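Here's the structure we're looking at; comments come further down.
The values are calculated or read from the model by the stated rules, or taken from the named source; none is laboratory data. The structure presented is a predicted model; accordingly, all values stated were derived computationally and were not measured. A quick note on method: Cβ atoms are made from the backbone with ideal geometry, for glycine too, and the neighbour counts reach across all protein chains shown.
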Amino acid sequence: MPVPDSPVAAGQVLPLHGLTILAVEDSRHACDALRLLVRRSGARMRRAGTLAEARRHLALYRPDVAIVDIGLPDGSGLALIGELAGTGRPVVIASSGDDSAREKAMAAGAADWLPKPVAGLAAFRSLLLRHLPGPPVSAGEAGAGTQRPDPLALHDDLMRAARVLAAEPVGEERLWLGRFLGGVARCARDAPLERAAGALAAGEAGARKRAAALVARRLRHAPAPFAAPPGR
């Protein structure tokens, strides 16, 4: 079952109340963590897992904020950022676990950069509020704390990676999978899996088998939350 949102205390400030946020994110685990932050801030969130889905959403409505992952299965989020930049709405926030993409995202027109995993509620709210109208919110009002996404979302991401790994991806698909799996690993704070994903994205010899073995090992323990012991 999904992890319930933390209760909102009476009188607690919800600085994003009434806003709609479109999350363009292919990882269910990362998206679930983001959903908790959005809900605890009073906003609504819709999700698109690909560029094509995001464009279908945007053809029907214009959200207040679009948080766009850089690495998506059908292309780079930089393309969507470029399409939305300068339109006035939505506020476009680029997101990735790969900080080396930050410069390209900002050059494409992103208003800001949201690293993954997100540091916590206060950092998330503070980043968005810098680009939205209204009075500033103090750190005390913004709150703090790390969110715990649904472990079943992590299981789904690992299953997706396992299926693609079994098909022996090459070229752009291998590169996407390495980045996708790296993002999942960072959100799960799994350093060994993150290293394996980096090797996969780089096309190192034997990387696919190493990554597949690690994913299979983690799946044996999912959907319970896990933190891999160092070096495993």
(message) Quick test for you: out of A212, A205, pick the one residue that is modelled with pLDDT of 90 or more and not in a helix (DSSP H, G or I).
(response) A205
(request) Confirm whether R89 is in contact (Cβ under 8 Å) with a residue 12 or more places away in the chain, under 22 Å from P133 (Cβ atoms) and of a type in the set (K, R). (result) yes
(message) Looking at L78, L37 in this structure, which one is of a type outside the set (K, R), more than 14 Å from F124 (Cβ to Cβ) and either modelled with pLDDT of 95 or more or touching a Phe, Trp or Tyr at 6+ places or on another chain (Cβ under 7 Å) (or both)?
(response) L78
